[in-house]
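Accompanying notes for the structure given below.
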Amino acid sequence: MANTKLEEYIAEEIRKYQGVMVPVKAGFLERRLTKKAKCSQLHPNPSDEFCFPDIGPNNQIISKYVQMITRYKSLQPNGTEEPIIVEKVSPDGYMILNGHHRWAAAVKTGFDPVPISIVNLTQESDIQRMIRESGHDKRVTMDLEEVVFCKEGEPADKALSFPENKSIRLGIPALLHFLDQQGYDVWVYTASYYSQDDIEDAFKKYSVKVAGVITGAARKMKSSAEAQKKAQNLIYGHYHETLHLDRDMILRTWTGSKEFAEYPINAGTESWSGTVMNIVRTLK
């Protein structure tokens with residue numbers, strides 16, 4: 001398929017599905033058993049730069065994947081099948097979250113079907129449900145990769161099946177139990193395209209209560225300002241206080257106020273959770 005035909009095909013896909021696609025939840029078995037799909041079942045994401053007229057597809061990247069397909073009959077030089085990350089949508093098929101250029105190369109060469117991984121990202125209806133089920137009017141937020149998951153060489157808690165075989169840091173379950181007892185809902189965020197239900201299930205295996213899980217947070221930056229504001233209003237309308245927790249600092253803010261307070265976390269890896277608990281105990 002010539003570049004012009006490829007571009008025409010992409011433009012037609014965007015025209016056909018923009019303003020029509022609605023994310024829907026894929027069932028557990030569908031996510032686990034569906035490993036490949038035809039290119040015609042995958043639709044480009046209108047909110048992705050790949051689809052922006054002034055940016056559009058990068059022909060050099062597409063050509064690189066075309067060469068791989070031609071030479072290796074695969075989208076990777078070593079023959080492994082790195083999946084295209086997709087989200088199930090109505091009225092049909094899946095919307096591409098990550099892997100537009102690999103999909104375009106497959107369309108161009110007729111390489112079909114392609115490997116996919118289906119994820120369920122957090123939607124506005126999920127946030128509404130989480131708030132309805134929340135037990136507190138204060139919350140703690142933390143980044144899954146930066147705060148919860150282990151970095152290389154760090155001590156880990158008991159091994160459980162977090163996505164992509166990630167390990168949870170030693171002391172994190174105890175900290176989350178403590179925060180709940182202190183009257184805080186815990187919300188975890190990740191820019192990665194994990195399934196929301198997978199993260200929730202993984203925490204349940206630690207007997208840890210997590211009130212909110214926001215997955216694919218990077219996609220929020222590409223959503224409309226109206227959608228972002230609506231989600232923020234849902235959260236800020238419920239919580240009057242938030243502790244933003246990272247590895248070096250606790251930032252305390254109050255809804256409707258420009259005031260804030262910072263509390264440094266001066267602790268090594270093994271005493272980090274205990275130090276955070278001690279700081280939270282002093283807050284009034």
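The values are calculated or read from the model by the stated rules, or taken from the named source; none is laboratory data. This is a predicted model, so every value here is computed, not measured. Note: ideal-geometry Cβ built from the backbone for every residue, glycine included; neighbour counts use all protein chains shown. The protein model used for the area step is the full one, side chains on, heavy atoms only, and it has no ligands, DNA or RNA in it. Shrake-Rupley method; radii C 1.70, N 1.55, O 1.52, S 1.80 Å.
Conditions (1) closer than 12 Å to LEU144 by Cα; (2) open to solvent by less than 10 Å² (accessible area, probe 1.4 Å), marked per residue:
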{"site": "ALA174", "(1), (2)": "no, no"}
{"site": "TYR189", "(1), (2)": "yes, no"}
{"site": "SER195", "(1), (2)": "no, yes"}
{"site": "ILE199", "(1), (2)": "yes, yes"}
* Got at least one residue in the range 224-245 being open to solvent by less than 60 Å² (accessible area, probe 1.4 Å), touching a residue at least 60 places away in the same chain (Cβ under 8 Å), within 30 Å of PRO23 (Cα to Cα) and among the polar types (S, T, N, Q)? -> yes
* Hey, could you check the range 246-274 for residues that are of a type in the set (S, T, N, Q) and open to solvent by 30 Å² or more (accessible area, probe 1.4 Å) and say which is farthest from PHE149 (Cα to Cα)? => SER257
* Asked: PRO155 versus (1) closer than 24 Å to ASP137 by Cα; (2) touching a residue at least 60 places away in the same chain (Cβ under 8 Å); (3) exposed (fewer than 14 other Cβ atoms within 10 Å of the Cβ): which is the lone unmet condition?
  -> (1)
* Pairs with Cβ under 6 Å, 6+ apart, first in the range 105-122 and under 19 Å from GLU7 (Cβ atoms), second of a type in the set (Ser, Thr, Tyr) -> ALA105/TYR65
* Extreme residue, nearest to GLY216 (Cα to Cα), among residues of the range 170-190 that are in a loop (DSSP other than H, G, I, E, B) and touching a Ser or Thr at 6+ places or on another chain (Cβ under 9 Å) -> THR190
* To do: Among residues belonging to the range 122-169 that are in a loop (DSSP other than H, G, I, E, B) and modelled with pLDDT of 90 or more, point out the one that is farthest from GLU241 (Cα to Cα).
  => HIS136
* **Count of residues meeting criterion [acidic (Asp, Glu) and within 29 Å of the chain's Cα centre (by Cα)] in the range 257-284** => 2
* **Which numbered condition LYS209 fails, given (1) open to solvent by less than 10 Å² (accessible area, probe 1.4 Å); (2) in contact with a helix residue (DSSP H, G or I) (Cβ under 8 Å, 6 or more places away or on another chain)** => (1)
